[in-house]
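Some notes on the structure that comes next.
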Amino acid sequence: MKKGRGELLFYGAVALLFFLFLQFGNRAVTVLSENQPVPRENCVIIDPGHGGVDGGATSCTGKLESAFNLEISLRLNDLMNLLGYDTKMIRTTDISVYTKGETIAQKKISDLKERVRIMEETENALVLSIHQNNFSDHQYSGAQVFYPNTPGSAELAKEMQSAFISHLNPGSRRQVKKAEGVYIMEHISCPGVLIECGFLSNPREEAALRSPEYQKNLCCVIAATAAGFLSNT
Ligand SMILES: [Zn+2]
């Protein structure tokens, strides 16, 4: 278990540097060669969607969205820490973070409010909310980035979407979208994005999303784009 985590960190670091180079070219090289400290005042909040009583969508092989979200978020957390950023995970196990409620519906509302509370109490936060998509037509695939109406979020979403298309989903025509009707995105005041990493209803993409390799690649794109955004703010 420990060895696997060490290998992940190493692999992640190498891949991340590669992506940084591809995406930010000379600027990334300059930052690294001058050994400038990564700004530490930002806190990256990683929000694995759903959990506990709320499993989210169910994949075509029966795996819950909440489990995909958590696996990917834990890897993303490792990468952001490796880059020197402070992070806060909304959850690190299969739980819902509600503080009150009797019914599942009430618990889901309490869970969302609690997530927003944690995000809002954090200074200089950047929110990365991790979800998976699902649709009745199984042919749809590709990551898609949604953004709230907060400063910088649309720009970050566009950067991330084009990085997904360049490095992960070549040929994808998915475009960023405003996160309308998404409680967390409508109630935060800091920058953030909600990332639908892929479609659990597409057998090929679902298999990829279950694989550690694809998860690492996804996280490299997210971490590199987030780091680029933070270095500009
Ligand atoms: Zn979801």
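Can you name the residue in the range 182-204 that is away from the ligand (no atom under 12 Å from the Cβ) and open to solvent by 70 Å² or more (accessible area, probe 1.4 Å) and is also nearest to Glu114 (Cα to Cα) among such residues? My answer is His187. The number of residues in the range 59-78 that are more than 11 Å from the ligand (Cβ to nearest atom) and either open to solvent by 10 Å² or more (accessible area, probe 1.4 Å) or in a loop (DSSP other than H, G, I, E, B) (or both) comes to 12.
Tally the residues that are without any contact (Cβ under 8 Å) to a residue 24 or more places away in the chain and either surrounded by 14 or more Cβ atoms within 10 Å (Cβ to Cβ) or of a type in the set (Gly, Ala, Ser) (or both), restricting the search to the range 99-108. Result for the range 99-108: 2. Remark: pairs (first residue in the range 49-64, in contact (Cβ under 8 Å) with a residue 24 or more places away in the chain; second residue assigned to a loop (DSSP other than H, G, I, E, B) and surrounded by fewer than 17 Cβ atoms within 10 Å (Cβ to Cβ); Cβ separation under 7 Å; 6+ apart in sequence or on different chains) = Gly51/Asp94; Gly51/Ile95; Gly52/Asp94; Gly52/Ile95.
Take the conditions within 19 Å of Glu71 (Cα to Cα) and either touching a helix residue (DSSP H, G or I) at 6+ places or on another chain (Cβ under 9 Å) or surrounded by fewer than 24 Cβ atoms within 10 Å (Cβ to Cβ) (or both) and apply them to Leu230. Does it pass? Answer is no for this residue.
In the range 90-98, is there at least one residue being aromatic (Phe, Trp, Tyr) and either in contact (Cβ under 8 Å) with a residue 60 or more places away in the chain or closer than 19 Å to Leu128 by Cα (or both)? Within the range 90-98 (the criterion being aromatic (Phe, Trp, Tyr) and either in contact (Cβ under 8 Å) with a residue 60 or more places away in the chain or closer than 19 Å to Leu128 by Cα (or both)), the answer is no, since none of the residues qualifies. Against the criterion of being touching an Asp or Glu at 6+ places or on another chain (Cβ under 8 Å), outside any strand (DSSP E or B), modelled with pLDDT of 95 or more and not basic (Lys, Arg), Ser110 does not qualify. The lone criterion from (1) away from the ligand (no atom under 15 Å from the Cβ); (2) open to solvent by 30 Å² or more (accessible area, probe 1.4 Å) left unmet by Phe135 is number (1). Would the range 172-180 turn up any residue that is open to solvent by less than 20 Å² (accessible area, probe 1.4 Å) and in contact with a strand residue (DSSP E or B) (Cβ under 9 Å, 6 or more places away or on another chain)? Yes. Pairs are defined by a Cβ separation below 9 Å, a sequence spacing of at least 6 or placement on different chains, a first member in the range 159-178 that is among the small types (Gly, Ala, Ser), and a second member that is open to solvent by 40 Å² or more (accessible area, probe 1.4 Å) and at pLDDT below 95; the pairs so defined are Ala163/Leu22; Ala163/Gln23; Ser166/Leu22; Ser166/Gln23. Of the residues Glu120, Glu114, the single one that is under 18 Å from Glu186 (Cβ atoms), away from the ligand (no atom under 16 Å from the Cβ) and without any contact (Cβ under 8 Å) to a residue 24 or more places away in the chain is Glu114.
The values are calculated or read from the model by the stated rules, or taken from the named source; none is laboratory data. Here the structure is a predicted model, which means the values were calculated and not measured. Glycine also receives a Cβ, built like all others from the backbone with ideal geometry; neighbour counts cover every protein chain displayed. Heads up: the accessible areas ignore ligands, DNA and RNA and are worked out on the full protein's heavy atoms, side chains in. Shrake-Rupley method; radii C 1.70, N 1.55, O 1.52, S 1.80 Å.
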